[in-house]
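*Asks:* Next up is a structure, given as structure tokens.
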Amino acid sequence: MFPAASLLTTLLLALSIAASPTEVRDSPITLPVARRLNTSGGTINLLQHDQSRATALKNVNTGRIGRRAGSITVTNEAVSYIAAVGVGSPATTYNMIVDTGNSNFLISASTAYVQTSTSVDTGEPVAVSCGSGSCSGTEYIDTVTLGSGLIIIGQSIGVVSMSTGVDGILGLGPLNLTEGTLTDEPGTTIATVTQNLYTQGEISEIVVSVSFEPTTSTSDTNGELTFGGTDATKYTGAIAYTPLTTTSPASYYWGINESITYGSTTILSETAGIVDTGTTLILIASDAFANYQSATGATMDQTTGLLSVTLTQYDALHNLNFNVGSNTYALTPNGQIWPRTLNTYIGGSSSYIYLVVNDLGTPSGEGLDFINGQTFLERFYSVFDTTNARVGFAITSYTDATTN
């Protein structure tokens, strides 16, 4: 439990929220985000990073037990979407990874967490899955500022040991992922940023929408988070929704059911997987990946671990279709390749064409058989709707882009 002094302070924070008049904003709030390649450690190994993360995500059940016992150093995030977030009063700005596969608000202990008059040390030890491993530290309660003056009072913050190359993680996953992160209270969940926005009257529904755009730069402000609704300027047509899956372990995350076809050929029958802003590539079950490689005629590049195709094979590629409910989201041939101007950053040749679809590392039928990562989300607007337990997608002006 909280130490008495910390508990009293937390209660005072809660009372100050309750005493303030609650006025729900009429419109959603947006926050710009930027994609960044983390080249600080040299050449980026995309596949190694993503497969390590996938392993950690699939082991969520065992992770709930293991993460309470200690921590390991996590690997650097290879490609991340970063949001600038203020903490404290006056606020210190931290560059946070936007992560729908995590639900906690975490600041790296290697970054100087600046305590102000709004900071409360609860004395609670924290252990949480992050990136491709786990990290541990201490919980604080503090004020968080998003965008222009959007303030959350009393947000739980874990100041933890991690090695992500940025200041921390802005977790946008479901509430249940926070269960067990307070090591002395394993059955307790922690209110997420999105939930606190709703509780404190800042947004009218527990929804966060994501707009990512394809880019050929190592660092580019090419994204936007919208809390409490959607931004109609970022998509065309209607948003189509699908219910969250009940299949574990995908059900712990923003999990959905989908099938995948290459052209008219089914490479993955309908199954459960997740939509994840923290994964760069599109990962599919090993048997589906073998089907995809065979259908495209691609060869495995030993240097990058990615599939490569010749220009002739690229010209012959078919759409990769993600069939969700009654809707199909077609990833065009250009959407299936890594930006060629960025080939050297992943250890590749500037003249090669690399595919962004790769091997999850496990066969289908294990309850998490695909991860629709950033390279999918850069082509489709996405909505993560806690209020109605669903995920939505829409076409954008970048769905058919040929920038790669």
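*Asks:* Anything in region 374-404 that is within 26 Å of Ala298 (Cβ to Cβ) and surrounded by fewer than 18 Cβ atoms within 10 Å (Cβ to Cβ)? List them, or say none.
*Replies:* Asp400, Ala401, Thr402, Thr403
*Asks:* Within region 103-142, can you find the residues that are of a type in the set (Val, Ile, Thr), in a strand (DSSP E or B) and surrounded by fewer than 21 Cβ atoms within 10 Å (Cβ to Cβ)?
*Replies:* Thr138
*Asks:* Can you tell me which residue within region 153-176, out of those that are modelled with pLDDT under 95 and over 17 Å from Val98 (Cα atoms), is least open to solvent (accessible area, probe 1.4 Å)?
*Replies:* Asn176
*Asks:* Yes or no: region 308-319 includes at least one residue that is under 19 Å from Gln48 (Cα atoms) and modelled with pLDDT of 95 or more.
*Replies:* Yes: region 308-319 contains one or more residues that are under 19 Å from Gln48 (Cα atoms) and modelled with pLDDT of 95 or more.
*Asks:* Then there is this: Would you call Ile371 surrounded by 17 or more Cβ atoms within 10 Å (Cβ to Cβ), of a type in the set (Val, Ile, Thr) and closer than 19 Å to Ala290 by Cβ?
*Replies:* yes
*Asks:* Among all residue pairs at least 6 apart or on different chains, which show Cβ distances below 7 Å where the first residue, located in region 328-356, is touching a residue at least 60 places away in the same chain (Cβ under 8 Å) and the second is of a type in the set (Lys, Arg)?
*Replies:* Gly335/Arg379
*Asks:* Please state which one of Gly229, Gly237 is open to solvent by 40 Å² or more (accessible area, probe 1.4 Å) and out of contact with any Leu (no Cβ under 9 Å at 6 or more places or on another chain).
*Replies:* Gly237
*Asks:* Please go through region 189-207 and pick out each residue that is within 13 Å of Leu175 (Cα to Cα) and either among the charged types (D, E, K, R) or open to solvent by less than 40 Å² (accessible area, probe 1.4 Å) (or both).
*Replies:* Hits for region 189-207 are Ile190, Thr192, Val193, Thr194, Gln195, Asn196, Ile206, Val207.
*Asks:* Could I ask something else about it? Identify, please: which residue in region 182-203 is within 28 Å of Phe376 (Cβ to Cβ) and part of a loop (DSSP other than H, G, I, E, B) and is, among those, modelled with the lowest pLDDT?
*Replies:* Ile203
The values are calculated or read from the model by the stated rules, or taken from the named source; none is laboratory data. Remember, it's a predicted structure, so these values are computed and weren't measured experimentally. Backbone-built Cβ (ideal geometry, glycine too); neighbour counts: all protein chains shown. Each accessible area value is taken on the protein alone, full model and side chains, heavy atoms only, with ligands, DNA and RNA left out. Shrake-Rupley method; radii C 1.70, N 1.55, O 1.52, S 1.80 Å.
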